[in-house]
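The block underneath contains the structure these notes are about, expressed in structure tokens.
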């Protein structure tokens, strides 16, 4: 069965982006970028993949992506309507209209969408790209979290989970550190 994996970068105080959707305050290093490019190339937007020579790189872990409207909308400024054209893309929104056959807007229950995707007979895992409201709504369906913890305090912004109080236990399975002080932790649902 396919898994829903929340692969996300977060500040020390739990924010995945700043108040204006900024994420350029995260310290990155060549070592970490090389690791992401090798291990998770499909998590890079299509226009970035072209810039770094990964436009033809095969997907390693994910073949499907689910994201909220707030995560999708910055792509329109690139401009593109298909920010992850190398993946099946689902945008959860009750108000967004997209005229692109490679992007599916899901207006219904995101939990039901994920259950359908996870029940498919074939395929790789499903990448939960963000944001915090969608992650909170999908918490019962998240099987793993790959947490990139950056050594920076944001102070305000978009929380990793933004929803009801719902304590959910995950177990650390692995951890990797990088020269920029970032740690990646793989967590599985307990």
Subset of the stretch 112-133 (residues that are under 24 Å from residue 17 (Cα atoms), out of contact with any helix residue (DSSP H, G or I) (no Cβ under 6 Å at 6 or more places or on another chain) and assigned to a helix (DSSP H, G or I)): 132, 133
Between residues in the stretch 117-129 that are on the phi < 0 side of the Ramachandran plot and free of Cβ contacts under 8 Å to residues at least 24 places away in the same chain and residues that are surrounded by 12 or more Cβ atoms within 10 Å (Cβ to Cβ) and in a loop (DSSP other than H, G, I, E, B), which pairs lie under 9 Å by C-beta distance while being six or more apart or on different chains? 122/2
Answer yes or no: is there a residue in the stretch 19-38 that is at pLDDT below 95 and either in a helix (DSSP H, G or I) or within 27 Å of residue 113 (Cα to Cα) (or both). yes
Take the conditions more than 14 Å from residue 4 (Cα to Cα), touching a strand residue (DSSP E or B) at 6+ places or on another chain (Cβ under 7 Å), buried (at least 18 other Cβ atoms within 10 Å of the Cβ) and modelled with pLDDT of 95 or more and apply them to residue 150. Does it pass? yes
Of these, 132, 157, 181, which one is crowded, with 19+ Cβ neighbours inside 10 Å, over 27 Å from residue 86 (Cβ atoms) and at pLDDT 95 or above? 157
Some residue of the stretch 41-63 being in a strand (DSSP E or B) and under 30 Å from residue 175 (Cβ atoms): yes
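Here's the yes/no breakdown for (1) under 30 Å from residue 31 (Cβ atoms); (2) touching a strand residue (DSSP E or B) at 6+ places or on another chain (Cβ under 9 Å):
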position: 78; (1), (2): yes, no
position: 93; (1), (2): no, yes
position: 135; (1), (2): yes, yes
position: 159; (1), (2): yes, yes
position: 176; (1), (2): yes, yes
position: 179; (1), (2): yes, no
position: 183; (1), (2): yes, yes
position: 188; (1), (2): yes, yes
Out of (1) farther than 19 Å from residue 5 by Cβ; (2) in a strand (DSSP E or B), the one residue 99 does not meet is (2)
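The values are calculated or read from the model by the stated rules, or taken from the named source; none is laboratory data. The shown structure was predicted, so the numbers you read here are calculated from the model rather than taken from an experiment. All Cβ positions, glycine included, derive from the backbone under ideal geometry; neighbour counts span all protein chains shown.
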